[in-house]
Amino acid sequence: SRCSHSPAPRLPLPTWSGRTAGWPASRLAGRMSPAAEAEEGQAAGVKVADASVVAEDDQAEVDPLLPGAEAYLQGGLSHGVYFAEIFIGSPEPQRASLIVDTGSWMTAFACKGCKSCGKHIEAHYDVSRSHTASWLPCGGSCHGRCQKGHCVYREAYLEGSSIEGRWLQDRVSLVHSSKRGHSDSAGFSATLACNGKETGLFRSQMPAGILGLAPGSKAEPTLMSQLLESRRRAGSKDPRAFSLCLRAAGGRLTFGGASSSSSGKVDKPPAADWVPLRSSGPRGKYSTDVVAVAIAGHKLKADLGRAQLDSASTLTYLPKEAFKKLRNGIEDYCKKHGSCGGARAPSSGQGSDPKCWRAPRGARRLNLDRFPDVSWHMHGGVEARWPARHYLLPPQGKGGAELRWCYAFGENESPRPLPDGATMVLGASWMLDRDVIFDVGHGRLGIAPATCSGSPLPGS
């Protein structure tokens, strides 16, 4: 999902990210309707250089991947986003860094020939260098609309960002290690969005694009559905699932089977607590229900309900009443418990910050162990612990990074729910230090102790 420039509480942005951390307004009313998008897109020109390319039979070259096809994640909460790297094309694969986004369905990146695209971490993908690339033709295989004989798309967001370009198909492999060498996972053929125009955050962000994690289907393929289908044809019996394990910096994205440890061996899957998982369609959003939120074991009296799961939203967002009660509850707890180690509470006074706690005078950091735990109560008696090191995050900027810790949750300022009925968003700050397992095939969400946080990541 793209996040808005709303006045909701947010973490300060790093200069390179171009990413905001406000309520994701792009889904307050959903993306543009197909009719509105088609009307607006008729006049939009798509300028991506054509090239002579050769299509390749995907089934002929599918190789089994490692148990659990993995992507090493970079970035983190201090950067505002988490991103994976993939290789695209052959014989010389081109690298692309993509924001992992459970709230989007497209896998899109900047392509050579795009004059309006921003300067990203890598050079723009050059379709003329890939012998396995082919433009999708108009007709039944076109996942967008036809314009001047080309299969094109335009995706717009209410905060002002948009991308447009042409659909293509090429070989993709995941970068499994932090090393800068070639991927050690096998390739598969995927339908990809080749951006010929970027505006707003897409243009200013450093990663080259987005990796949408919507479930997909044969009729509406996404990267996840195509990767798992390639593994199925190769004899794998993977579940239709993926998992995210986010650290404060870095993490892992795993499709299908178990994730591997830093030694390369397949980890024994941790015991998970399971709650119902909803999906609003092949290209839709994931959500689950939150029954209650508690501070130090005491439940707050607030209406919660359905929560959308959005890895590209830095913060976690609650309804207005629940947000105020959570924040006031934390501050009231500290007033009754020695100011939580002498911490200075958020204040609107001169020299203070209305969203951040400050270290005691003369101290170098907050003692986060003195702050209360928050717990999220789900269906079936499942509780997800949220310690202070996750709901309070150090701000960006030189100097004083350990002197102020800002709330990693904000307020949903809209009176309307999202199109799927969600009234809140569980963002990256909520997902920290746990395996969040999206078992799409069985309609359930797993919450388990993290396996990627206590040891180095592969190749690090």
With every protein chain in place, the stretch 286-338: carbon and sulfur % of accessible area (1.4 Å):
48 percent
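My understanding is that a pair violates if its Cα-Cα distance is over 18 Å; which of K320/K355; K324/K355; K301/K335; K299/K355; K299/K325 do that in this structure?
K301/K335; K299/K355
What's the carbon and sulfur percent of the stretch 136-255's accessible surface, probe 1.4 angstrom, rounded to a whole number? Walk me through the numbers before you get to the answer.
Values: 2100 of 4020 Å².
Carbon plus sulfur share of accessible area: 52 percent.
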Highest to lowest packing among 218-224, 136-142, scored as the average C-beta count within 10 Å
218-224, 136-142
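At 1.4 Å probe radius, can you tell me the per residue accessible area of the stretch 301-391 in Å²?
Per-residue value: 48 Å².
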Going down the list K148/K197; K112/K148; K119/K148, which pairs span over 25 Å between their C-alpha atoms?
K119/K148
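The values are calculated or read from the model by the stated rules, or taken from the named source; none is laboratory data. What you see is a predicted model, and the numbers here were worked out from it, not measured in a lab. So basically every Cβ, Gly included, is an ideal-geometry build from the backbone, and we count neighbours across all protein chains shown. Just the protein is used for accessible areas: all its heavy atoms, side chains included, with ligands, DNA and RNA removed. Shrake-Rupley method; radii C 1.70, N 1.55, O 1.52, S 1.80 Å.
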